[in-house]
Amino acid sequence: MEANEHEHVIEVTDLRRVYGGGFEAVRGVDFSVRRGEIFALLGTNGAGKTSTVELLEGLAAPAGGRIRVLGHDPYTERAAVRPRTGVMLQEGGFPSELTVAETARMWAGCVSGARPELEVLTLVGLKTKTGVRVKQLSGGQRRRLDLALALLGDPEVLFLDEPTTGLDPEGRRETWELVSALRDRGTTVLLTTHYLEEAEFLADRLAIMHEGRIAVTGTPAEVTASEPSRISFELPEGYFVGDLPPLAELGVSDHTVDGRTVRLRTHELQRAATGLLVWAERAGVELHRLDVRSASLEEAFLGIAKEAAAGAAPTKEYAA
Amino acid sequence: MSTTVTTPMSRMTALARAELTLLGRTKGTLFAALFVPLVLPVSAREAAGEMDLAGAGLTIGTVVLPAAIGFSLLFAVYSALVGSLVARREELVLKRLRTGELRDGEILAGSALPAAATGLVQSLLLAAGCFVLLDMSAPPAVYLSVLGLLLGLVMCVGLATVTASFTRTSESAQVTPIPLMFLSVMASGMMVPLEILPEKVAAVCEFLPLTPVMTLVRGGFTGDLSAGEVLGAVAVAVAWTAFTVFAVRRWFRWEPRR
């Protein structure tokens, strides 16, 4: 198959989803995912991530808007899309009384071009668990089984809804490496997560959702670039904030004081940190608990939640 | 890389195989499905002994065997399938299956196959057993019995899926099949032949879902059904089956309510 680098494998336009009770879970979402890209949907619980992904998976018809997965509507043209996609739901979906091997065999019988079950179970580290009933698996092992089934048909597009929830740090890292390797082979991945480091590690591009809308979208670097970096430290005994050099001149945009702890926010981290350290050196004081960190997704994420809580949060979009 | 493409048949077979494994591991359902239809006909036989059967042109065999097949349809197919469908929905298995290549109808049909097969095999064994034990004579119109059984199997699968549509949890699945089972046992000619009921009551009972099944199964052994009676029974059975298809499309839930 000729893989066109710029081909949009997933295209979502003005997507809406309304539940039976009238609750509007998805309120006009737009994004697209290119072939071979990992796209992450972030957001707090209830932001609409799963509601969005379920529409992309074709489990329900949208209340409005348009979805194209591999050029087809995943709901009305199910038969054209399903053989080429792999889906990992947010939870479960396995009869508890079947063993791992029986579950995989059943699913393999329903997947075109299925790889040998044992090969996939080995890939996710469940080789030694084939005879174990699903009800006896740990939460993390069930996530791995779910991932194995999603990978059985060697899908072109993979939907992963919170793929590492319940995994220990090592298992999480293994899943990340597995998903990265799939991307390197050309698989397109759409994942939801509320682990920010997961999105930072995996995502080529991401969108942060809040209350059914996309608040910000871009590459992780673009999304974090607009966020301020942070410096925090404890004021030495006998010193007050007024004793510091004028903060505006150091490029500090705002500061807070909490007891003896000072927190600075700046878009010019090097300048602010240098100014502060030079001052401390000259004054002959030591800044205890000094912590200097550049902006991370966490900042962006918390910033959006705060902005949204305060009122209007216009969508920020970065040219990709 | 393998390029095997699945077909509806291969997908349903894979699903039915897993369901059969699960049926074997659900002891309660298995007991009710296999044991009850073998035991209850005995009580039907007791009851039949006290009725004026000869006056209605019936024998013990033509009362007990249809009743036994009716119990098999109700316990091994209808009630068992309500339980397994609701359990699969609660475990999000149905939702998971819908993310794959299986179509909705294939998921329901594949899930129903083991229950339907149990009902079929059990009915054939019951027929053979009654034939030997109750000294029944060769059925003059066995094709009617077979037709009735097949219609009954399809209809019970449909009715079970409709009942599952309105059953929220596995606990309620213990209760929701009871009304139809009770009604069928009492008024569809299973325990009490319609022939000995008052005419007006019997006329209403003709339209219950399992009545045409009982009529056809019994008719195969008595050989006294007119063409009109056969057509009428088939029409009622087909109408109920069509209703279940409509109801399932409209009301069946693939995910638990939250």
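Throughout, read-outs are computed from the coordinates displayed, never taken from laboratory work. All of these numbers come straight from a predicted model, not from anything done at the bench. Glycine also receives a Cβ, built like all others from the backbone with ideal geometry; neighbour counts cover every protein chain displayed.
May I ask you to derive the relative contact order of the stretch B:8-251, considering only C-alpha pairs under 8 Å and at least 6 residues apart, and to give it as an integer percent?
On the way: 302 pairs, mean separation 62.9, N = 244.
With pairs under 8 Å counted, the relative contact order is 26 percent.
How large is the Rg to Rh ratio of the protein assembly as shown when both quantities use alpha carbon positions and Rh follows Kirkwood? Before the final figure, lay out each step's value.
Details: Rg = 32.4 Å, Rh = 27.9 Å.
When Rh is taken as the Kirkwood radius, the ratio is 1.16.
Assuming a strict under-27 Å limit between Cα atoms, what lysine pair count do you get for chain A once near-sequence pairs (fewer than 8 apart, same chain) are dropped?
Numbers: A:LYS49/A:LYS306; A:LYS49/A:LYS316; A:LYS127/A:LYS135; A:LYS306/A:LYS316.
Within chain A, the lysine pair count is 4.
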Relative to 2.2 N^0.38 Å, what does the C-alpha radius of gyration of the stretch B:8-251 come to as a ratio? Two decimals please. 1.01
Per-residue Cβ contact counts at 10 Å, fewest first, order B:LEU124, B:LEU180 as B:LEU124, B:LEU180
Once the other residues with Cβ under 15 Å from the Cβ of B:VAL162 are scored (Lys, Arg +1; Asp, Glu -1), what is the net sum? +4
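Output the Kirkwood hydrodynamic radius of the stretch A:185-320, Cα pairs only, in Å rounded to one decimal.
16.9 Å
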A:THR192 long-range amide H proximity, modeled H, under 5 Å: A:LEU41, A:LEU160, A:ASP161, A:GLU162
Distance in nm between pseudo-label sites at A:GLU234 and A:VAL132 (7 Å out along the Cβ direction from Cα): 4.5 nm
Can you give the angle from 0 to 90° between the axis of helix B:8-25 and the longest principal axis of chain B, with both taken from C-alpha atoms, to the nearest 10? 70 degrees
Working out 0.36 nm times the residue gap between A:SER294 and A:ALA101, then minus their Cα-Cα distance, what length gain in nm do you get to one decimal? 64.8 nm
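Please give me the summed charge of the neighbours of A:LEU121: other residues whose Cβ is under 11 Å from its Cβ, Lys and Arg +1, Asp and Glu -1.
Details: positive: A:ARG105, A:ARG115, A:LYS127, A:LYS129, A:ARG144; negative: A:GLU117, A:GLU119.
So the environment of A:LEU121 carries a net charge of +3.
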Gaussian network model of chain A, Cα springs within a sub-10 Å range: biggest mean-square fluctuation belongs to which of A:ARG183, A:ARG142, A:ARG289? A:ARG289
Post the alpha-carbon centroid distance, the stretch A:200-252 to the stretch B:198-258, in whole angstrom. 70 Å
Once Lys and Arg are counted +1 and Asp and Glu -1 for all other residues with Cβ under 11 Å from that of A:ALA199, the total becomes -4
Mean-square fluctuation check for chain A, GNM, Cα pairs under 10 Å: which of A:GLU237, A:GLU211, A:GLU117 is largest? A:GLU237
Identify, among B:LEU94, B:SER84, B:SER72, the residue whose Cα sits farthest towards the positive end of the charge dipole of the stretch B:63-115, taking +1 on the Cβ of Lys and Arg and -1 on the Cβ of Asp and Glu, with the dipole about the Cα centre. B:LEU94
Using only helices, what value at 222 nm comes out for chain B when you add -39,500 (n - 2.57) per DSSP H run of length 4 or more and divide by the total residues, to the nearest 500 deg cm²/dmol? -23000 deg cm²/dmol
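Would you list A:PHE31, B:PHE246 from fewest to most Cβ contacts within 10 Å?
Numbers: A:PHE31 22, B:PHE246 12.
The order, fewest Cβ neighbours first, is B:PHE246, A:PHE31.
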Longest to shortest principal axis, alpha-carbon extents of chain A, angstrom: 74, 45, 44
Under 15 Å from B:LYS27, Cα to Cα: aspartates and glutamates that are on another chain or at least 8 residues apart: A:GLU97, B:GLU19
Magnitude of the Cβ-charge dipole of the stretch B:50-200, K/R +1 and D/E -1, about the Cα centre, nearest 20 debye? 620 debye
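Using Cβ contacts closer than 10 Å as the measure, can you line up B:LEU153, B:LEU216, B:LEU74 from fewest to most?
Values: B:LEU153 23, B:LEU216 27, B:LEU74 30.
Least crowded to most crowded, the residues run B:LEU153, B:LEU216, B:LEU74.
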